[in-house]
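The values are calculated or read from the model by the stated rules, or taken from the named source; none is laboratory data. Please read all numbers here as calculations on a predicted model, not as lab measurements. Please note: Cβ atoms are built from the backbone with ideal geometry, for glycine as well, and neighbour counts cover all protein chains shown.
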Amino acid sequence: MNKKICVITGTRANYGRLKPIMKEIINSNKLELSVVVTGMHLIRECGYTVTEIEKDGFIIDAKVDMHLANLNEAGMCKSLGIALLGLTQAIESIKPDVILILGDRDEDLAGAIIGAHMNIPVAHIHGGEVTGTVDEIIRHGITKFSHIHFPATENSKERIIKLGENPDYVYNVGSPGLDSILNREYKTKKDIFKKYGLSMKKKLIILSQHPVTTEADKSGDQIRKTLEAVKRIGEQVILIYPNSDAGSRKIVDVIKEYEKLEFINSYMNIPFEDFLNLLKYTDVMVGNSSSGIMEAPSFKVPVVNVGTRQNGRECSTNLLNVSYNEEEIYMAIHKSLYDESYINEVNKCINPYGDGKTGKRIVEILESLTISRNLVQKRINY
């Protein structure tokens, strides 16, 4: 009898990284895929990206609406409670053999808590990483609720083991985001630029900046500093709206002031395939998105990483870290766009997050996994 793997996805970026694994599960003759969609996927203001999953042909077993309007810090806590209720009902109905989650969002934490309480093994991708904001706490919390670990680097694997996890269930598999990058055909620059109304004669900046939940009250001022620096540069911009964390409303309010500028093209959401095509041809990525850390090095794209959200995360040599200071941001963007010696150095960067074969590795491990009491009944391993 095939093992039923329940994948929980809550954001556009999360789905983009899970998609190669979901395809591999479908192609397996030993596994069966179930899909639960929640989080930002079901928010109209965030692009209602559940439609992307449906267009890709995946059957969705459950949709769990968890978000309240105008999220602040307390609202995030209430949404987590709603997620626990809704996801419990979904998991109870699906009856999976394994719950598969990726990352450090509240819905991932909810899925891990549910698995632990319902004696369902939880497999967690991208654990053991170091960053800023509340994501750090949630990520390591998920590790302690999870039974099988799929970190993306050797350093992350070592951290998970130091947290007391059984080394027999910790596998360095790389990042599945690279599967999407390295195993696909791309549109021509002309075609993707035409689709988004961009000029081939100008440089392109992709701007994606999310709130830092521990600095939510400052998020409006932070994005304003970034936008002022970008405005001074004057090159064409693809601006992607932030996630739904506390502080996001302040960011959106500021974005609405600047998106009237003719060289700024703003989007609530960009389909993951289009995003990768744009990233391939962009001249610099600016903000604090993990895509600048994990995906951009594969395209040799310079990244200006703003603020504290990615503090401590493993990165390549394509990154310039700056504070929330307009002049620092401006100078880093300028260097990334116009300093030929620096651009040549970025072209030599190596992505530390794998080789594009993560999905196959994860599926092979899940196929051979023996589900037993020893797996479900966790103990500190030191």
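List of remarks:
- Residue match in segment 200-217 (condition: on the phi > 0 side of the Ramachandran plot, small (Gly, Ala, Ser), touching a Lys or Arg at 6+ places or on another chain (Cβ under 9 Å) and crowded, with 18+ Cβ neighbours inside 10 Å): no
- Pairs are defined by a Cβ separation below 6 Å, a sequence spacing of at least 6 or placement on different chains, a first member in segment 8-22 that is in contact (Cβ under 8 Å) with a residue 60 or more places away in the chain, and a second member that is assigned to a loop (DSSP other than H, G, I, E, B); the pairs so defined are 10/105; 12/49; 12/269; 14/103; 17/176; 20/176; 21/176.
- Screening segment 150-170 for residues that are part of a loop (DSSP other than H, G, I, E, B), under 19 Å from the mean Cα position of the chain (by Cα) and touching a residue at least 60 places away in the same chain (Cβ under 8 Å) and picking the one that is surrounded by the fewest Cβ atoms within 10 Å (Cβ to Cβ) gives 153.
- Listed conditions (1) in the same structural domain as residue 302 (by TED's automatic domain parsing); (2) at pLDDT 95 or above; (3) out of contact with any strand residue (DSSP E or B) (no Cβ under 7 Å at 6 or more places or on another chain) are all met by residue 236, apart from (3).
- Residue count for segment 226-247, restricted to those that are part of a helix (DSSP H, G or I) and surrounded by fewer than 23 Cβ atoms within 10 Å (Cβ to Cβ): 4
- Within segment 172-192, the residues that satisfy the criterion of being in a loop (DSSP other than H, G, I, E, B) and surrounded by fewer than 18 Cβ atoms within 10 Å (Cβ to Cβ) are 183, 184, 185, 186, 187, 188.
- Filtering segment 59-72 to residues that are crowded, with 19+ Cβ neighbours inside 10 Å and either under 13 Å from residue 38 (Cα atoms) or of a type in the set (Ser, Thr, Tyr) (or both) leaves 64, 66, 67.
- Candidates are the residues of segment 134-178 that are in contact with a strand residue (DSSP E or B) (Cβ under 7 Å, 6 or more places away or on another chain) and among the hydroxyl-bearing types (Ser, Thr, Tyr); the one that is farthest from residue 379 (Cα to Cα) is 171.
- Yes/no for residue 79 being surrounded by fewer than 24 Cβ atoms within 10 Å (Cβ to Cβ), of a type outside the set (D, E, K, R), touching a residue at least 40 places away in the same chain (Cβ under 8 Å) and over 18 Å from residue 120 (Cα atoms): no
- Among residues of segment 131-149 that are in the same structural domain as residue 76 (by TED's automatic domain parsing), those with a Cβ under 9 angstrom from a residue that is basic (Lys, Arg) and in a helix (DSSP H, G or I), sequence gap 6+ or separate chain, pair up as 131/139; 140/159; 143/159; 149/157.
- Condition check for residue 32: surrounded by fewer than 23 Cβ atoms within 10 Å (Cβ to Cβ) and assigned to a helix (DSSP H, G or I): no
- Pairs meeting the criteria (first residue in segment 26-40 and assigned by TED's automatic domain parsing to the domain that holds residue 66, second residue at pLDDT 95 or above and among the aromatic types (Phe, Trp, Tyr), beta carbons under 7 Å, at least 6 apart or on different chains) are 35/58.
- Checking residue 56 against (1) touching a helix residue (DSSP H, G or I) at 6+ places or on another chain (Cβ under 8 Å); (2) crowded, with 18+ Cβ neighbours inside 10 Å; (3) at pLDDT 95 or above, the condition it does not meet: (2)
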